[in-house]
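Here's the structure, in structure tokens; my notes come after.
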Amino acid sequence: MKTLKKKIHFTDKIAYMGTGVLLVAPYLVSYQIGFILLSLGITMLTPQVYRAKQWNLVLLNISSVIGYTLQIFNVI
């Protein structure tokens, strides 16, 4: 019996890594590295939702990245 292997798209691989980063980031949010990881993780999730044409999540991710990046530089 043949088993069919589904190819995982590159954006899905990036999103899996971004999810892993986001699993760790909340525990480090009291340090600056936490905000860096949050910004990185959200950035890694954005191509997947862009490919799925989920525009509300794309805008939410962009807004989150901007907010976390401003927090990194102590602007807000």
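The values are calculated or read from the model by the stated rules, or taken from the named source; none is laboratory data. The structure displayed is predicted, hence computed values, not measured ones. Counting neighbours? That spans all protein chains shown, and the Cβs are built from the backbone with ideal geometry, glycine included. Heads up: the accessible areas ignore ligands, DNA and RNA and are worked out on the full protein's heavy atoms, side chains in. Shrake-Rupley method; radii C 1.70, N 1.55, O 1.52, S 1.80 Å.
Residue under question is THR46, and the condition is that it be polar (S, T, N, Q), touching a helix residue (DSSP H, G or I) at 6+ places or on another chain (Cβ under 8 Å) and crowded, with 17+ Cβ neighbours inside 10 Å; does it hold? Against the criterion (polar (S, T, N, Q), touching a helix residue (DSSP H, G or I) at 6+ places or on another chain (Cβ under 8 Å) and crowded, with 17+ Cβ neighbours inside 10 Å), THR46 qualifies.
Applying the criterion of being without any contact (Cβ under 8 Å) to a residue 24 or more places away in the chain and of a type in the set (Ser, Thr, Tyr) to the residues of segment 3-24, the residue that is least open to solvent (accessible area, probe 1.4 Å) is THR3. Pairs are defined by a Cβ separation below 6 Å, a sequence spacing of at least 6 or placement on different chains, a first member in segment 53-73 that is over 14 Å from LEU40 (Cα atoms), and a second member that is part of a helix (DSSP H, G or I) and open to solvent by less than 80 Å² (accessible area, probe 1.4 Å); the pairs so defined are LEU57/VAL49; VAL58/VAL49.
Taking the numbered list (1) in contact with a Gly (Cβ under 8 Å, 6 or more places away or on another chain); (2) surrounded by 13 or more Cβ atoms within 10 Å (Cβ to Cβ) in turn, ILE76 passes all entries but (2).
Take the residues of segment 49-70 that are over 13 Å from the mean Cα position of the chain (by Cα) and among the small types (Gly, Ala, Ser): which is surrounded by the most Cβ atoms within 10 Å (Cβ to Cβ)? Applying the filter and picking the extreme gives GLY67.
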